[in-house]
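Undergrad: Quick one: this structure, given as structure tokens, is what I'll be asking you about.
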Amino acid sequence: MTVRFGLLGAGRIGKVHAKAVTGDPDAILVAVADAMPAAAEAIAKQYGCAVRTIEAIEAADDIDAVVICTPTDTHADLIERFARAGKAIFCEKPVDLDAQRVRDCLRVVKDTGAKLMVGFNRRFDPHFMAVRQAITDGAIGDVEMVTITSRDPGAPPAEYVKRSGGIFRDMTIHDFDMARFLLGEEPVSVTAHASVLVDPEIGKAGDFDSVSVILETASGRQAIISNSRRATYGYDQRIEVHGSKGLVSAENQRPVSIEIANGSGYTRPPLYDFFMTRYTEAYANEIAAFISAIEKGTPISPTGDDGLAALILADAAVQSVAEKRRITVG
């Protein structure tokens, strides 16, 4: 079976998913829709698909599934529309910035029996998957502490910040999902600290650019997350999991993994410059997993409930900073 896709949104992340879909032998990109005709035409020309309206994709008999890459405030409405239209749905995170709106949306998904996968691509990174497998195999014993470092090369424009939902819902949410993926238990408390150290305009927009979070589970397992909107040395993505019998970690990745030693010392190539290049394999792997769920009926993961759980942790982090205290979550 070849899964026939419609792509909603032809911006930066839409281009990433267009590449992932067309690179999979079990998929074909049938059509793309975007509010900006030139953006849709560019993807259509590159991958040989049609340009259609969202309404046409919704009604199409030659499309089995959609990838939603539109602005965040459209996600929940589009999920509901395509669930009712009988399409399988892959949606970039988050489903919505409001937890109750997410719950309402997931109720429609459940009632219609639609397949919904939320785009937490880092679960599908080969290096992070190997960390999870080492935990599953018992290589480090019982998980005790998870340390996640995630730092962007540079801060986004203040205009983006204003509509992003803030750093916890926009950036840290990936790390909240990864913490849940690795801890093996649900966090029951969140303690967060936040500062503006990179760009004063981000502060003026009501957000932060430098944050630290501690999550704790009922048994006392901890996850420590460090985020910054500035890393002058590249896209900093590291994970370390300490357990009762040892430790497993995933280092930063580079386009070329070499080391040069000479009279000046030891040098290595720069890190990847951002998520589009660092997580290329992850994006391909998650689309492949989505296709497998459609073709073979394998369980979907991450689900809409995973998206909701990460958003609840993000909301708790926002509350923790505002109230300067530890927040209990259910």
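Undergrad: Could you state the per residue volume, in Å³, of the convex hull enclosing the Cα atoms of segment 241-330?
TA: Cα-based convex hull of segment 241-330, divided per residue, equals 243 Å³.
Undergrad: Extending each Cα 7 Å along its Cβ direction at residue 136 and residue 185, get the distance between those two points in nm, one decimal.
TA: Modelled inter-label distance: 2.1 nm.
Undergrad: Let me ask something else about it. Could you point to the residue in 13, 113, 31 farthest towards the positive end of segment 3-114's charge dipole, with +1 and -1 charges on the Cβ of Lys/Arg and Asp/Glu respectively?
TA: Farthest along the dipole direction, towards plus: 13.
Undergrad: Neighbouring Cβ atoms within 10 Å as the yardstick, rank 171, 145 fewest first.
TA: Ranking 171, 145 by Cβ neighbours within 10 Å, fewest first, gives 145, 171.
Undergrad: Show me the three semi-axes of the equivalent ellipsoid for the chain, from the C-alpha gyration tensor (sqrt of 5 times each eigenvalue), largest first, rounded to whole Å.
TA: Computed over the chain, the values are 32, 24, 22 Å.
Undergrad: For residue 56 and residue 145, compute 0.36 nm times the residue count separating them, minus their Cα-Cα distance, and round to one decimal in nm.
TA: 27.2 nm
Undergrad: Nearest 20 debye, what's the magnitude of the dipole of segment 3-114 about its Cα centre given +1 on Lys and Arg Cβ and -1 on Asp and Glu Cβ?
TA: Taking the Cα centre of segment 3-114 as origin, the dipole is about 220 debye.
Undergrad: If each of residue 319 and residue 261 carries a label point 7 Å out from its Cα toward its Cβ, how far apart are those two points in nm?
TA: 5.3
Undergrad: Measuring from label point to label point, each 7 Å out along Cα→Cβ, what is the residue 159 to residue 244 span in nm?
TA: For the pair residue 159/residue 244, the computed spacing is 5.4 nm.
Undergrad: Using the alpha-carbon centroid of each, what span in Å lies between segment 276-313 and segment 90-111?
TA: Their Cα centres are 15 Å away from one another.
Undergrad: What is the helix-to-structure angle for 99-112, meaning the angle in degrees between its Cα long axis and the longest Cα principal axis of the chain, kept from 0 to 90 and rounded to the nearest 10?
TA: Rounded to the nearest ten degrees, it is 40.
No lab work stands behind these numbers, since they all come straight from the coordinates. Small disclaimer: the values here were computed from a predicted structure and weren't measured. Note: ideal-geometry Cβ built from the backbone for every residue, glycine included; neighbour counts use all protein chains shown.
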